[in-house]
Amino acid sequence: MLKISKLHKSYPIGDSSLHVLKGIDLVVNDGEMVAIMGSSGSGKSTLLNIIGMLDEHDEGDYELDGVHIENLNEKKAAVYRNKFLGFIFQSFNLINYKNALENVALPLYYQGLKRKERQEKAKFHLEKVGLLDWAHHLPNELSGGQKQRVAIARALAANPKLLLADEPTGALDTTTSYEIMEFIQHLNDEGKTILIVTHEEDIAHMCKRIVRLRDGVIMEDKIVEQVRAGQHV
Amino acid sequence: MKFLFDRDTWQEVFDSMGKNKLRTFITMIGVWWGILLLIGLLGAARGMENSFNRLFGDFATNSVFIWGQSTSKPFKGFQEGKRVTLKLSDAQKIQDNVEGIEFVVPRNQSQGFVVRKMLSGTYNIAGDYPLLDIVQKKKLIKGRFINQSDMDNKRKVAVISEDIYKQLFEKDVEPIGELIRINNMNFAVIGVFELDNFGGPSSDIHIPFETFQQVYNQGNQIGWMMITGKGEYDIKQIEDDSKLILKNLNKIHPEDKRAFGSFNLGEQFAKLTGFLTGMQFLTWFVGIATLIAGVFAIGSILLITVKERTKEIGVRRALGATPFEIKRQIVVEAVFLTLIAGLMGIISGGWILIWLDSAFGQGEDATLVNSSVSIAIVFVALLILIILGTLIGLIPAFKATSIKPIDALREE
């Protein structure tokens, strides 16, 4: 599914540059649920952004679902993002003047689907996250957990091969966090490949594999026994 | 072009505009005001032009009046101060010799005491050719103007003004065929005319020229003449040529400036139309300048909007929006805003014109006649709006996609 080798990334800071990723090698197979951990500044978000094609790597290889990702222009990147990837953000990033249904339907709009088809698919995914009754509510009428569920529905709507979550529970309380994680685990059970960036140990242990980063290199990469979020709730 | 007819495109436009209604509204004010000014001012200028045209409409504007005064220079044995009197033959000479002449209309005028039954008054009596009706169209309410047959037979007939009719006749009396006494001679009324707003010395009663000659014992003397030039000829030149011929005929020093008085209507009229043209130019200038200012306001507000929406744009791009789709959306918004504001400006400009028409455009001596703007101008204005809207929309559009999506998403 995902193959990264010798990935380097540095950011220019004034005259010098900050070497953030110093040769990352990572392979993620279909159906995996991987937590990427590390303290702030370890490069975990940068890695996720490169995987998400929101940022470009300087050196190394990146292959996603058999497609070599290199020298992307913005248009190509947009098409790949739309086709391969679903994003879940810490701050939800819902569009605040669009209701839940419209938010979920947005990636489908950029896929060029017909209105009716979009509505049906969006409804299907909203129902999946249990928020069909809230379809016509605006984001500010929803709780944090509900917002994240709408965001998950939106990420799923385009039927991506890989789901990228950047601190998906960072803005939520523990109970809600576990609810969200339980849902994400369900998605993984159904076969979705999921990458989660987090710095919370308990969240990381709800994944099947933990990759620890420190100062731009992978320190540890281990398979863990998954803790089911449902047990905590 | 297909996306223009796509419901979703417009859904997006309305969503993002409806997000902040006040801002959308304020954004549009500039363009609305520009178009309103353009339409209102152009309409008013047109109304003024129409009003002038109506005022002068039946009047040969390319004309000059010339009358005799007294000389200021001695010449060929004549002392200065010689009284100059124009003669019929002078008029004929001018007609024959000056280039570009259309008509030469000799006229005579005198005071007369007019009586009808118990009513009387002193009025200006003018002796006129039927030609006068062509160069200085009389608005006849009743009857007709003097004709050639009146002239040939030296008939004692009179065409009187509406005012005199009201003063000398009781209400509802049919004046045509009635007799009035002018200096103790009976004249039959053949027509009643409405006084025009303009036309040189006012005349109350017109009688045939030859009748006037006989009654006032004028011989071939004429009071003044009205010379009209053909449209393409310069009336100032005609005036100078005519005066030179007159000086020659009347043995007056060629440099004598006082011998003949004149009033050059053509020149005055040219000044007026020049003023109107200037005003129209000013109108266009002010209107277009305001419009451009308005469009720039839209551009700058969209720029702020784009800045505010940086994160949203980042999200959209993360969800798979291509930079082109983002740009297109913003340009469509810009054009749509300008166009709607422009249309509203045109509509309210129309209301202004309707109001102008009802306030200043009614009645005979309206200051603004038929204030209006041609459809062509409206379309030109709309076209300008679309072009300006597109151009100005490109600035925020490029601004929006110049930020990398990752930076856009980080924006708080």
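The values are calculated or read from the model by the stated rules, or taken from the named source; none is laboratory data. Predicted, not measured: the structure shown is a model, and the values here were computed from it. Every residue, glycine among them, receives a Cβ derived from its backbone with ideal geometry; neighbour counts consider all protein chains shown.
For segment B:115-158, give me each residue that is among the hydrophobic types (A, V, I, L, M, F, W, C) and closer than 23 Å to B:Glu102 by Cβ. Passing the criteria: B:Ala126, B:Leu131, B:Leu132, B:Ile134, B:Val135, B:Leu140, B:Phe145, B:Ile146, B:Met151.
Give the residue that is farthest from the other protein chains (Cβ to nearest Cβ), with candidates limited to residues of segment A:61-79 that are in a loop (DSSP other than H, G, I, E, B) and not aliphatic (A, V, I, L, M). Here the residue is A:Gly66. Does B:Arg46 count as among the charged types (D, E, K, R) and surrounded by fewer than 17 Cβ atoms within 10 Å (Cβ to Cβ)? No: the conditions fail for B:Arg46.
Residue-by-condition table, conditions (1) more than 14 Å from every other protein chain (Cβ to nearest Cβ); (2) within 25 Å of A:Ile51 (Cβ to Cβ); (3) modelled with pLDDT under 95:
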| residue | (1), (2), (3) |
| --- | --- |
| A:Leu108 | no, yes, yes |
| A:Gly112 | no, yes, yes |
| A:Arg118 | no, no, yes |
| A:Leu126 | yes, no, yes |
| A:Arg149 | yes, yes, yes |
| A:Ala158 | no, yes, yes |
| A:Thr169 | yes, yes, yes |
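Which residues, counting only those in segment B:127-142, are of a type outside the set (D, E, K, R), part of a strand (DSSP E or B) and modelled with pLDDT of 85 or more?
Going through segment B:127-142, the residues of a type outside the set (D, E, K, R) turn out to be B:127, B:129-132, B:134-136, B:140-141.
Now drop any that are not part of a strand (DSSP E or B), which leaves B:127, B:136, B:140-141.
Selection gives B:Gly127 alone.
For segment B:287-304, the count of residues that are at pLDDT below 85, in contact with a Pro (Cβ under 6 Å, 6 or more places away or on another chain), surrounded by 19 or more Cβ atoms within 10 Å (Cβ to Cβ) and on the phi < 0 side of the Ramachandran plot is nonzero.
Residue by residue, here is whether (1) assigned to a helix (DSSP H, G or I); (2) touching a residue at least 24 places away in the same chain (Cβ under 8 Å); (3) within 14 Å of chain A (Cβ to nearest Cβ) holds:
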{"site": "B:Gly314", "(1), (2), (3)": "yes, yes, yes"}
{"site": "B:Gln329", "(1), (2), (3)": "yes, yes, yes"}
{"site": "B:Ile340", "(1), (2), (3)": "yes, yes, no"}
{"site": "B:Trp351", "(1), (2), (3)": "yes, no, no"}
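Criterion first (touching a strand residue (DSSP E or B) at 6+ places or on another chain (Cβ under 7 Å) and not acidic (Asp, Glu)) does B:Ile245 satisfy it?
So B:Ile245 does not fit the description; no.
Residues in segment B:363-412 that are in contact with a Ser or Thr (Cβ under 8 Å, 6 or more places away or on another chain), within 14 Å of chain A (Cβ to nearest Cβ) and hydrophobic (A, V, I, L, M, F, W, C): 3 in all.
If you check A:Lys22 against the conditions, is it surrounded by 15 or more Cβ atoms within 10 Å (Cβ to Cβ), assigned to a strand (DSSP E or B), within 14 Å of chain B (Cβ to nearest Cβ) and of a type outside the set (A, V, I, L, M)? Don't jump to the end; show me each part of the working.
Working: surrounded by 15 or more Cβ atoms within 10 Å (Cβ to Cβ): yes; assigned to a strand (DSSP E or B): yes; within 14 Å of chain B (Cβ to nearest Cβ): no; of a type outside the set (A, V, I, L, M): yes.
It is false that A:Lys22 is surrounded by 15 or more Cβ atoms within 10 Å (Cβ to Cβ), assigned to a strand (DSSP E or B), within 14 Å of chain B (Cβ to nearest Cβ) and of a type outside the set (A, V, I, L, M).
From the list A:Asn103, A:Asn82, the lone residue that is buried (at least 20 other Cβ atoms within 10 Å of the Cβ) and facing chain B (nearest Cβ under 9 Å) is A:Asn82. Scanning segment A:128-147 for residues that are of a type in the set (D, E, K, R) and either touching a residue at least 24 places away in the same chain (Cβ under 8 Å) or within 12 Å of another protein chain (Cβ to nearest Cβ) (or both) turns up A:Lys128, A:Lys147. The residues of segment B:20-51 that are basic (Lys, Arg) and in contact with a helix residue (DSSP H, G or I) (Cβ under 9 Å, 6 or more places away or on another chain), listed by number, are B:Arg23, B:Arg46.
Of all residues in segment A:59-79, none are closer than 20 Å to A:Gln148 by Cα, touching a residue at least 40 places away in the same chain (Cβ under 8 Å) and over 19 Å from the mean Cα position of the chain (by Cα).
This table checks each residue for (1) of a type in the set (Asp, Glu); (2) out of contact with any helix residue (DSSP H, G or I) (no Cβ under 7 Å at 6 or more places or on another chain); (3) surrounded by fewer than 18 Cβ atoms within 10 Å (Cβ to Cβ); (4) touching a residue at least 12 places away in the same chain (Cβ under 8 Å).
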{"position": "B:Ala188", "(1), (2), (3), (4)": "no, yes, yes, yes"}
{"position": "B:Ile205", "(1), (2), (3), (4)": "no, no, no, yes"}
{"position": "B:Gln213", "(1), (2), (3), (4)": "no, yes, no, yes"}
{"position": "B:Ile235", "(1), (2), (3), (4)": "no, no, no, yes"}
{"position": "B:Ser242", "(1), (2), (3), (4)": "no, no, no, yes"}
{"position": "B:Leu249", "(1), (2), (3), (4)": "no, no, yes, yes"}
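Listed by position, the strands (runs of 3 or more DSSP E) contained in segment A:144-233 that have at least 2 residues being touching a strand residue (DSSP E or B) at 6+ places or on another chain (Cβ under 9 Å), surrounded by fewer than 21 Cβ atoms within 10 Å (Cβ to Cβ) and not basic (Lys, Arg) are A:217-223. Scanning segment B:131-156 for residues that are without any contact (Cβ under 8 Å) to a residue 60 or more places away in the chain, loosely packed, with under 15 Cβ neighbours inside 10 Å and in contact with a strand residue (DSSP E or B) (Cβ under 6 Å, 6 or more places away or on another chain) returns a single hit, B:Ile141. Considering B:Ile39, B:Ile26, B:Ile35, the condition of being among the β-branched types (Val, Ile, Thr), at pLDDT 80 or above, under 30 Å from B:Gly299 (Cβ atoms) and surrounded by fewer than 18 Cβ atoms within 10 Å (Cβ to Cβ) is satisfied by B:Ile26 alone. Only one of A:Thr169, A:Thr176, A:Thr193 is under 21 Å from A:Met1 (Cα atoms) and of a type in the set (Ser, Thr, Tyr). Can you tell me which? Going through A:Thr169, A:Thr176, A:Thr193 in turn, the sole match is A:Thr193. The residue of segment A:85-100 that is nearest to A:Lys123 (Cα to Cα), among those that are touching a strand residue (DSSP E or B) at 6+ places or on another chain (Cβ under 7 Å) and more than 10 Å from every other protein chain (Cβ to nearest Cβ), is A:Ile88.
Look at (1) outside any helix (DSSP H, G or I); (2) touching a residue at least 12 places away in the same chain (Cβ under 8 Å) and you find that B:Pro254 fails only one, number (2). For the criterion of being crowded, with 21+ Cβ neighbours inside 10 Å and closer than 30 Å to B:Phe56 by Cβ, B:Leu337 fails.
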